[in-house]
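Scroll down for the structure; my scribbles are underneath it.
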Amino acid sequence: MSDASGDFMNRLISKAAWLIHEGRIVRISDVLYYVVGRKNRHLVRVEGDKLTCTCNGYRERGICSHIIAVSTIIRLTSGREYLRETLRLRVERELKLLRKQPHRT
């Protein structure tokens, strides 16, 4: 693997880890996941043993951080519980931020 492709894969893996850590993957069904990136939202679909994504990166290269993140979550033994807990913690953080903001009337 060349340095350029190694750097590219490292960036994808880092972004996938961030997506998982921040609770930005929402399981819609057994075959569909909603991934909330910093700027865009994408759908990752499970099609048998293959995962596909709606992002440009996947269309251009056949791999993306969204696929890596969802694949990792699927392979976790307690993936569903992990997602539920991560999402719950994210919602709690968001609610705390909202409480700190001044109310508009």
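No lab work stands behind these numbers, since they all come straight from the coordinates. Everything numeric in this text was worked out from a predicted model, so none of it was measured. Because the Cβ atoms are built from the backbone with ideal geometry, glycine has one as well, and the counts that use them run over all protein chains shown.
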Practice item. Name the residue, out of Lys39, Lys15, Lys50, whose mean-square fluctuation peaks in a Gaussian network model built on the chain with Cα pairs under 10 Å. Key: Lys39
Study note, to complete from the structure: Expected unfolding gain across Ala4-Thr54 under the 0.36 nm per residue rule, minus the alpha-carbon gap, is 15.6 nm
**Study point:** Degrees between helix 3-21 axis and first principal axis of the chain (Cα, 0 to 90, nearest 10)
**Key:** 30
Point to revise | Net dipole in debye of the stretch 3-100 [+1 Lys, Arg Cβ; -1 Asp, Glu Cβ; about Cα centre; nearest 20] | key: 520
Study note, to complete from the structure: Checked against the structure, the computed volume of the Cα convex hull per residue in Å³ among [x] 136; [y] 97; [z] 86 is the one labelled [x]
Check your understanding: What angle do you read, to the nearest 10 degrees and between 0 and 90, between the alpha-carbon axis of helix 79-100 and the longest principal axis of the chain?
Key -> 40
Revision key, fill the gap. Checking Gly37, Gly62, Gly23 against a Gaussian network model of the chain (alpha-carbon springs below 10 Å), the top fluctuating residue turns out to be Gly62
**Study point:** Distant-in-sequence amide H partners of Thr54 (H built 1.01 Å from N, under 5 Å)
**Key:** Leu43
Study note, to complete from the structure: Most fluctuating of Arg88, Arg45, Arg24 in the GNM of the chain (C-alpha, under 10 Å) is Arg88
